[in-house]
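Presented below is the structure to which this report refers.
The values are calculated or read from the model by the stated rules, or taken from the named source; none is laboratory data. Just so we're clear, the structure is a prediction, and the values are computed from it rather than from any experiment. Note: ideal-geometry Cβ built from the backbone for every residue, glycine included; neighbour counts use all protein chains shown.
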Amino acid sequence: MSSRRTIATDYLARVEGEGAMTVRLDGDRVEHVELRIFEPPRFFEAFLRGRSFLEAPDITARICGICPVAYQTSAINAMESLCGVEVPEPIRMLRRLLYCGEWIESHALHVYMLHAPDFLGYESAIELARDAPEAVERGLALKRTGNDVMVLVGGREIHPINVRVGGFYRVPTRRELRALVEPLERARETALETVRWTAGFDFPERVVDCDLVALEHRGEYAIERGRIRSGGGLDLAPAEYDEHFEELHVERSNALQSQLRGGGTYLCGPLARYSLGAAQLSPLAREAAAEAGLGDECRDPFRSIVVRSVELVHACDESLRLIEAYEEPERPAEPVEPVAGTGYGVSEAPRGLLYHRYRIDGEGTILDAKIVPPTSQNQLAIEDDLRDVVAHNTRLDDEALRRLCEQTIRNYDPCISCATHFLELEVERGT
Amino acid sequence: MSRTVVIGIGNPLRGDDAAGVAVAELLRERAPAGVEVVACSEEPSRLIEAWEGADSVVLVDTVSSGAPPGTLHRFDAGEEAVPARAFRSSTHAIGMAETIELARALGRLPGRVRVYGVEAGGFESGASLTPAVEAAVAALADEVLADLEEERCTSAP
């Protein structure tokens, strides 16, 4: 009897050649682990060349239907820092509020529709909805509040059109924002309930020991701006990113995966943000985290669902704080004149650090663009984790192992939706 | 008064994945009064919100079943589940077929649910519709329109 087996989860045939995950085992030895991620950014980098620097937020927003605000914000940060524009506080607050809306939407989707069924033993949210409709309704209600924030501030949720380099096309009045208070207060209660719910799941005890990377901004849980910090002691301006991180070409694909220069896997996203910046969470979110049993840091990928839930509380709390403090700016946008040179922008997408770099000429034409999404940055860490999870669970049958692998991948909420069809399973046994 | 919503689903920047959105664009100008036409990403809460309060919904998405590009597939999802295998799905979002079942489980599905799938040829980033799919999109827009007219006549008092 041969003990050699391959577990592969392929995309649906409609996206030919874009496989998702392959794990090859020889007995108890893990021979090969590969996560393949299609990367729309490569296409967009080429598409951006020759376009106006003012178009970058709009164009890059289309890379992802789940996190358009992240792409817009990193693009805007790059252009504004290059052109020497500093937006007034109300504009910055609106951006942060819009971004909180995206966090609420994205985290609610992931926690309720994708991740929770793994822990509760359901194949999908559909089965969960049959047995526990109230839980799924909670998730949908949370998502809806996130949508509402995005529509009010961003003009539209899938591809916010109200956002521009320098500010907004139109800013909401105080009164308009007040309409979000009641739904956000309800969402905050729901988020607290979400923390209690997810904290009660069963977790295999796992710890990832790679470096952690997240933004930091004094006095706040960094979302729309910040310096790049790592557990290993890095403290970088966005312009220093390329000096410390590099992208490796992955064979047979157009994807790139990141590592620390000189070799070094790192992780960004909720676990990194929480572990490096839990002290900056709102008091309510900190309290919820403590009640959920989270310590000062959390390196357990399975518990990322609890961390996301805590971030949901924070995002609702922060939205309410921003709305309370908001004063309408004198004008919706600052004028921006192009400056020849290279601009760098970062922000914390729901699933981690999103880096943009643009070179533009004096007319504002984009000469070169580079986009490093969080999923490329996390890819090596995910593969390491998969390898380890498989190595510790080789006794499971193929189906159980496939489910565990998928859950392991889902722990990182990878952004592969824009093209990924994660459906067919093939198990090959050697002879 | 009964309300009908037509939803075109897809990513306009990924070749034939734009088929559903293209059908919605064609119908936007021509749909009978009382019919709302929207383009949408296949994201559950957005779809469920888009058909909230409607009596009848028409969904158009891309399909990959191995049939020749441009082939039209028709499903009556009010009666039975749509084969999820033919429509997209991922670790990161749940697809149209799953959303229909999710809404069914939650009692949030309109009474009448018609699903049209356009068999895709390619999903190249930045590519336009392939010729076979472009032709299918035009034919499907006519078919949906005829169906909407008929529905309006039969539901009229």
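Quick one: count up the residues across region B:1-32 that are touching a residue at least 60 places away in the same chain (Cβ under 8 Å) and either assigned to a loop (DSSP other than H, G, I, E, B) or on the phi > 0 side of the Ramachandran plot (or both).
Counting residues in region B:1-32 that are touching a residue at least 60 places away in the same chain (Cβ under 8 Å) and either assigned to a loop (DSSP other than H, G, I, E, B) or on the phi > 0 side of the Ramachandran plot (or both) gives 6.
Mind listing whichever residues of region A:45-67 are out of contact with any Lys or Arg (no Cβ under 8 Å at 6 or more places or on another chain), within 18 Å of A:Gly364 (Cβ to Cβ) and within 12 Å of chain B (Cβ to nearest Cβ)?
From region A:45-67, those out of contact with any Lys or Arg (no Cβ under 8 Å at 6 or more places or on another chain) are A:46-53, A:55-56, A:58, A:60-66; that's our starting set.
Those left that are additionally within 18 Å of A:Gly364 (Cβ to Cβ): A:47-53, A:55-56, A:58, A:60.
Once the filter is applied, which keeps residues that are out of contact with any Lys or Arg (no Cβ under 8 Å at 6 or more places or on another chain), within 18 Å of A:Gly364 (Cβ to Cβ) and within 12 Å of chain B (Cβ to nearest Cβ), region A:45-67 yields A:Phe47, A:Leu48, A:Thr60.
Somewhere in region A:35-52, is a residue more than 30 Å from A:Met150 (Cα to Cα), in contact with a helix residue (DSSP H, G or I) (Cβ under 9 Å, 6 or more places away or on another chain) and either modelled with pLDDT of 70 or more or crowded, with 24+ Cβ neighbours inside 10 Å (or both)?
First, the residues of region A:35-52 that are more than 30 Å from A:Met150 (Cα to Cα): A:35-36.
Of the ones still in play, those that are also in contact with a helix residue (DSSP H, G or I) (Cβ under 9 Å, 6 or more places away or on another chain) are A:35.
Imposing the further condition that a residue be either modelled with pLDDT of 70 or more or crowded, with 24+ Cβ neighbours inside 10 Å (or both) reduces the set to A:35.
Looking through region A:35-52, at least one residue is more than 30 Å from A:Met150 (Cα to Cα), in contact with a helix residue (DSSP H, G or I) (Cβ under 9 Å, 6 or more places away or on another chain) and either modelled with pLDDT of 70 or more or crowded, with 24+ Cβ neighbours inside 10 Å (or both).
Does A:Ala214 satisfy the condition of being outside any helix (DSSP H, G or I) and under 17 Å from the mean Cα position of the chain (by Cα)? Talk me through it step by step, then tell me what you get.
Working: outside any helix (DSSP H, G or I): yes; under 17 Å from the mean Cα position of the chain (by Cα): yes.
Yes, satisfied.
Kindly establish whether A:Gly219 is closer than 21 Å to A:Arg299 by Cβ, at pLDDT below 95 and surrounded by fewer than 21 Cβ atoms within 10 Å (Cβ to Cβ).
Details: closer than 21 Å to A:Arg299 by Cβ: no; at pLDDT below 95: yes; surrounded by fewer than 21 Cβ atoms within 10 Å (Cβ to Cβ): yes.
So A:Gly219 fails the test.
State all residues of region A:155-177 that are assigned to a strand (DSSP E or B) and crowded, with 21+ Cβ neighbours inside 10 Å; if no residue qualifies, say none. If you could, list the steps in order and put the result at the bottom.
At the first step, the residues of region A:155-177 found to be assigned to a strand (DSSP E or B) are A:163-164, A:167-168.
Passing the criteria: A:Val163, A:Gly167, A:Phe168.
Pairs only if they're at least six apart or on different chains, beta carbon under 8 angstrom, first in region A:235-264 and farther than 18 Å from A:Pro373 by Cβ, second surrounded by 17 or more Cβ atoms within 10 Å (Cβ to Cβ) and at pLDDT below 85; list them, first residue then second.
none
Cβ contacts < 9 Å: first residue under 22 Å from A:Asn162 (Cβ atoms), restricted to region A:328-341; second residue modelled with pLDDT of 95 or more and basic (Lys, Arg), any location; separation 6+ or different chain. Result?
A:Glu328/A:Arg174; A:Pro332/A:Arg164; A:Pro332/A:Arg170; A:Ala333/A:Arg164; A:Val336/A:Arg164
Applying the selection to region B:33-69, what residues are of a type outside the set (S, T, N, Q) and in contact with an Asp or Glu (Cβ under 6 Å, 6 or more places away or on another chain)? Give the derivation first.
Residues of region B:33-69 that are of a type outside the set (S, T, N, Q), as a first pass: B:33-40, B:42-44, B:46-55, B:57-61, B:63, B:66-69.
B:Val63, B:Ala67, B:Pro69 - these are the residues of region B:33-69 that are of a type outside the set (S, T, N, Q) and in contact with an Asp or Glu (Cβ under 6 Å, 6 or more places away or on another chain).
Regarding region A:76-84, can at least one residue be identified that is more than 14 Å from chain B (Cβ to nearest Cβ) and not in a helix (DSSP H, G or I)? Working first, answer last.
If we filter region A:76-84 for residues that are more than 14 Å from chain B (Cβ to nearest Cβ), which is where we start, we get A:76-84.
Remaining after also requiring not in a helix (DSSP H, G or I): A:83-84.
Scanning region A:76-84, I find at least one residue that is more than 14 Å from chain B (Cβ to nearest Cβ) and not in a helix (DSSP H, G or I), so the answer is yes.
Any idea which of A:Ala141, A:Ala135, A:Ala116 is surrounded by fewer than 24 Cβ atoms within 10 Å (Cβ to Cβ), in contact with a Gly (Cβ under 9 Å, 6 or more places away or on another chain), in contact (Cβ under 8 Å) with a residue 40 or more places away in the chain and within 13 Å of chain B (Cβ to nearest Cβ)? Walk me through it before giving the result.
Values: A:Ala141 fails: in contact with a Gly (Cβ under 9 Å, 6 or more places away or on another chain); A:Ala135 fails: in contact with a Gly (Cβ under 9 Å, 6 or more places away or on another chain).
Of the residues listed, the single one that is surrounded by fewer than 24 Cβ atoms within 10 Å (Cβ to Cβ), in contact with a Gly (Cβ under 9 Å, 6 or more places away or on another chain), in contact (Cβ under 8 Å) with a residue 40 or more places away in the chain and within 13 Å of chain B (Cβ to nearest Cβ) is A:Ala116.
Considering only region B:101-135, state which residues are touching a helix residue (DSSP H, G or I) at 6+ places or on another chain (Cβ under 7 Å) and either in a helix (DSSP H, G or I) or on the phi > 0 side of the Ramachandran plot (or both).
Selection gives B:Glu101, B:Leu102, B:Ala103, B:Ala105, B:Gly126, B:Val133.
Which members of region B:33-57 meet the condition of being over 17 Å from A:Arg156 (Cα atoms), in a loop (DSSP other than H, G, I, E, B) and either among the small types (Gly, Ala, Ser) or out of contact with any Pro (no Cβ under 7 Å at 6 or more places or on another chain) (or both)?
B:Ala33, B:Gly34, B:Glu52, B:Gly53, B:Ala54
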